């Protein structure tokens, strides 16, 4: 369990390594071994998942399937949190800008000309750095989701050097999700979504994306 928690990696070992209270709760498996998988969300271990083969002495565990399931759950949780945060932000901004009083305000439009709109103010460096970090993270999660759902097609796309054509529909849906959040922000020019596509799907080899990949 320590390896799964501190090292953030799957750990396989004897269930006897756990304390007696835990063993009594889960009922020790017949084979005596178990698997512990870390659920990593935002680079932190949010939970540990325990699995064993139960009472069958010949029972086996599909570790690959458990790993994939755990990874999918982590991606889903992270993506849900990111999307939820993106929806909440405009609502909070709208509430903050709403007038405190509901009393009617006098019409001053005829009394004086409207002042010129102030020039846009660039966000402070620390705020912009945080925006870049969030944009890259959001792009990474979106692309990892594509890879998780399309494992065989990713392999075929690498082999045939046409990843974009094989995954075009999923890529463009995720790109639209990314652009909806970051197209009108200072990080738009960084194009983190394309960067993560090349890094995660094509192992940093842009030629694997194919000739039709938008650059």
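The values are calculated or read from the model by the stated rules, or taken from the named source; none is laboratory data. None of these values were measured; they are calculated from a predicted model. With ideal geometry, Cβ positions are generated from the backbone for all residues, glycine too; neighbour counts draw on all protein chains shown.
In the range 151-171, the condition of being closer than 25 Å to residue 44 by Cα and without any contact (Cβ under 8 Å) to a residue 60 or more places away in the chain is met by at least one residue. Can residue 132 be described as at pLDDT 95 or above and exposed (fewer than 11 other Cβ atoms within 10 Å of the Cβ)? No. Remark: residue 149 matches the filter, which requires a residue to be exposed (fewer than 15 other Cβ atoms within 10 Å of the Cβ), over 12 Å from the mean Cα position of the chain (by Cα) and on the phi < 0 side of the Ramachandran plot. If we keep just the residues of the range 64-84 that are modelled with pLDDT under 70 and surrounded by 13 or more Cβ atoms within 10 Å (Cβ to Cβ), which is nearest to residue 136 (Cα to Cα)? Only one residue tops the list, namely 82.
With respect to being in contact with a helix residue (DSSP H, G or I) (Cβ under 8 Å, 6 or more places away or on another chain) and modelled with pLDDT under 75, residue 28 fits the description.
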